[in-house]
Amino acid sequence: MPTSTPRILLAGGGSAGHVSPLLATAAQITHSCPEAEVIVLGTQEGLEADLVPAAGYELVTIDKVPFPRRPNGDALRFPGRFGATLRSVRTLLREREIDVVAGFGGYVCPPAYLAAASLRRPLVVHEANRRPGLANRLGARRAAAVLTAFEGSSLPGARRIGMPMREGIAHLDRAARREQAVRGFGLDPARPVLLATGGSLGALRLNTAVAEAAAAFIENGAQILHVTGRGKAGGMPELEGYEVVEYVGAMEDAYAAADLALTRSGAGTVCELTAVGLPAVLVPLPIGNGEQALNGEQVVAAGGALMIADGELDAASLREQVLPLLRDQDRLSAMAEASRAFGITDAAEVMADVVTGVARRA
């Protein structure tokens with residue numbers, strides 16, 4: 001039975017693409033509905049194991065039970081393991097009197113969605129990628145609301161709200177913060193800055209190409225803030241105006257410092273770049289089901305980014321395509337405007353309102 005206190009289970013985990021929007025939504029729920037009880041369902045192996053408790057939320061873990069892709073021993077053990085996980089989630093929903101389950105994708109979502117369906121608890125699904133994953137295709141069939149980061153989703157009844165993200169990024173004023181951010185990284189505010197990053201784990205092809213092209217950028221009056229990924233900063237050239245860091249704790253500082261970004265096109269990255277209006281050169285990761293290329297297509301079509309295929313990225317392409325763009329302030333300004341027009345900054349607020357609204361009506 002529903003109570004005056006909305007009891008909400010947020011399910012998702014594994015990667016930052018699932019955990020970051022989950023935590024942004026949790027923070028907004030806590031802000032807009034302080035009486036709500038928020039519980040997070042995840043695994044011990046994913047990023048959520050560290051990030052969720054650090055953010056102050058209760059984490060309940062279940063075993064990671066991926067759907068088998070081929071007939072083998074794991075496939076034979078799957079029914080029993082998945083059944084046990086499903087029973088655990090059903091028990092959690094009953095004992096904690098959960099009013100709504102909101103899923104962000106990942107291994108924990110299928111048992112969460114099926115348990116909610118069996119107990120007639122409403123679902124809210126958020127899909128980050130243009131090409132939805134298996135878990136959210138399952139959950140969307142009976143969801144009270146299906147929300148997406150991009151237009152054109154194949155999920156039934158999908159509505160684009162953007163990507164829930166931290167307030168520090170969603171409401172960043174790049175122009176007001178630029179000089180302080182550039183100086184904070186030891187760079188010169190009078191010279192343009194390229195932000196190069198392959199994410200927290202780094203990207204070997206990006207790292208190699210940027211390191212090899214760095215001297216040419218510096219010689220032509222530009223600067224580079226190179227976020228290599230943890231443990232990937234060794235062997236980079238030491239040049240004035242080429243700042244190498246393994247990790248940036250507050251990416252809003254890097255976004256504020258940059259005039260142009262060179263990045264992969266994961267859903268979270270694309271949505272953050274457009275929310276802050278930062279022009280970008282996107283290099284989609286060429287593995288998986290092609291979702292990174294799809295994630296970037298609409299921003300490129302809108303004029304906020306360019307795209308270079310992974311196999312075509314090298315030092316020469318950076319010198320010939322990216323360096324001239326970085327030095328073309330008029331073109332960067334037009335791209336920034338197009339990027340900002342495509343971006344959405346209030347997704348966390350909208351997601352929180354939808355989830356709490358469904359919980360109250362349960």
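The values are calculated or read from the model by the stated rules, or taken from the named source; none is laboratory data. A quick note: this is a predicted structure, and the numbers were derived from the prediction, not measured. Here the Cβ positions follow ideal geometry from the backbone for every residue, glycine too, while neighbour counts run over all protein chains shown. The accessibility values were calculated without ligands, DNA or RNA, using every heavy atom of the protein model including side chains. Shrake-Rupley method; radii C 1.70, N 1.55, O 1.52, S 1.80 Å.
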_On the basis of being surrounded by 21 or more Cβ atoms within 10 Å (Cβ to Cβ), within 15 Å of GLY103 (Cα to Cα) and of a type outside the set (A, V, I, L, M), does ARG121 make the cut?_
yes
Only unsatisfied item for ALA256, checking (1) surrounded by fewer than 22 Cβ atoms within 10 Å (Cβ to Cβ); (2) part of a helix (DSSP H, G or I), is (1)
Checked PRO279, PRO324 against criteria (crowded, with 19+ Cβ neighbours inside 10 Å and of a type outside the set (Asp, Glu)); the one match is PRO279
Original post:
Of the residues that make up the range 24-42, is at least one farther than 19 Å from ASP353 by Cβ, touching a Gly at 6+ places or on another chain (Cβ under 6 Å) and not acidic (Asp, Glu)?
Top reply: yes
When (1) open to solvent by 10 Å² or more (accessible area, probe 1.4 Å); (2) closer than 23 Å to ALA222 by Cα; (3) among the hydroxyl-bearing types (Ser, Thr, Tyr) are applied to THR345, the one that fails is (2)
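One residue is enough: does the range 207-218 have a residue meeting the conditions within 23 Å of ILE344 (Cβ to Cβ) and either modelled with pLDDT of 95 or more or open to solvent by less than 30 Å² (accessible area, probe 1.4 Å) (or both)?
No, there is no match, as no residue in the range 207-218 is within 23 Å of ILE344 (Cβ to Cβ) and either modelled with pLDDT of 95 or more or open to solvent by less than 30 Å² (accessible area, probe 1.4 Å) (or both).
Filter the range 108-118 down to the residues that are open to solvent by 40 Å² or more (accessible area, probe 1.4 Å) and under 22 Å from GLY46 (Cα atoms) and list them by number.
Here is the first cut: in the range 108-118, the residues open to solvent by 40 Å² or more (accessible area, probe 1.4 Å) are 114, 118.
Across the range 108-118, the qualifying residue is only LEU114.
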Of the conditions (1) open to solvent by 10 Å² or more (accessible area, probe 1.4 Å); (2) in a helix (DSSP H, G or I), the single one that SER154 does not satisfy is (2)
VAL193 fails exactly one of (1) surrounded by fewer than 17 Cβ atoms within 10 Å (Cβ to Cβ); (2) modelled with pLDDT of 95 or more, namely (1)
Of (1) in contact (Cβ under 8 Å) with a residue 24 or more places away in the chain; (2) surrounded by fewer than 19 Cβ atoms within 10 Å (Cβ to Cβ), ALA222 fails just (2)
Given (1) in a loop (DSSP other than H, G, I, E, B); (2) surrounded by fewer than 20 Cβ atoms within 10 Å (Cβ to Cβ); (3) touching a residue at least 24 places away in the same chain (Cβ under 8 Å), LEU332 misses just (1)
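Residues that are on the phi > 0 side of the Ramachandran plot and in contact with a Ser or Thr (Cβ under 9 Å, 6 or more places away or on another chain): does the range 7-20 have at least one? If you could, list the steps in order and put the result at the bottom.
Start the filter on the range 7-20 by keeping residues that are on the phi > 0 side of the Ramachandran plot, which leaves 12-14.
Subset that is in contact with a Ser or Thr (Cβ under 9 Å, 6 or more places away or on another chain): 13-14.
Yes, that holds for at least one residue.
State yes or no: is GLY290 touching a residue at least 12 places away in the same chain (Cβ under 8 Å), under 20 Å from the mean Cα position of the chain (by Cα), open to solvent by less than 20 Å² (accessible area, probe 1.4 Å) and at positive phi?
Details: touching a residue at least 12 places away in the same chain (Cβ under 8 Å): yes; under 20 Å from the mean Cα position of the chain (by Cα): yes; open to solvent by less than 20 Å² (accessible area, probe 1.4 Å): no; at positive phi: yes.
Considered against the rule, which asks whether it is touching a residue at least 12 places away in the same chain (Cβ under 8 Å), under 20 Å from the mean Cα position of the chain (by Cα), open to solvent by less than 20 Å² (accessible area, probe 1.4 Å) and at positive phi, GLY290 comes out as no.
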Filtering the range 65-104 down to residues that are modelled with pLDDT of 95 or more, under 30 Å from ALA149 (Cβ atoms) and of a type in the set (Lys, Arg) yields ARG90, ARG96
Within the range 293-314, can one find any residue that is farther than 24 Å from ARG166 by Cβ, among the polar types (S, T, N, Q) and open to solvent by 10 Å² or more (accessible area, probe 1.4 Å)? no
When (1) of a type outside the set (Gly, Ala, Ser); (2) out of contact with any Pro (no Cβ under 8 Å at 6 or more places or on another chain); (3) part of a strand (DSSP E or B) are applied to ARG137, the one that fails is (3)
The one condition VAL300 fails out of (1) assigned to a loop (DSSP other than H, G, I, E, B); (2) of a type in the set (Val, Ile, Thr); (3) over 19 Å from ASN207 (Cα atoms) is (1)
